[in-house]
Amino acid sequence: MNIKNDKPGAINKTDILRAADKALMAADAHYHAWPAQQQEIFRATMSEKSQSRVRRVLLDNLLGIKYHGNEPDEVLDE
């Protein structure tokens, strides 16, 4: 992971965007094949299961946190 910011430990924008793309693809493999409006609707109405997948990928890719529980919120609460 590239850290390029004047704040120690900050995550750069490229890494965030890359992780977001991976997370949305984990939520639905066809995400990038959809038109922009359908992508927006998906993001706004995402199921709990899809939200969980997104959180799991973001935790792993941005913070290096891997969890083996059923819900990534358990990790965030710690």
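Please treat every number below as a calculation from the coordinates, not as lab data. Note that the structure is predicted; figures quoted are calculated from it, not measured. Note that we place each Cβ from the backbone using ideal geometry, even for glycine, and neighbour counts take in every protein chain shown.
Of Asp60, Asp21, how do they rank once you tally other Cβ atoms within 10 Å and put the fewest first? Provide the component values of the computation, followed by the final result.
On the way: Asp60 17, Asp21 14.
Ascending number of Cβ neighbours within 10 Å: Asp21, Asp60.
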Using a basic spin-label model with each label point 7 Å from the Cα along Cα→Cβ, how many nm lie between Ala33 and Lys13?
3.1
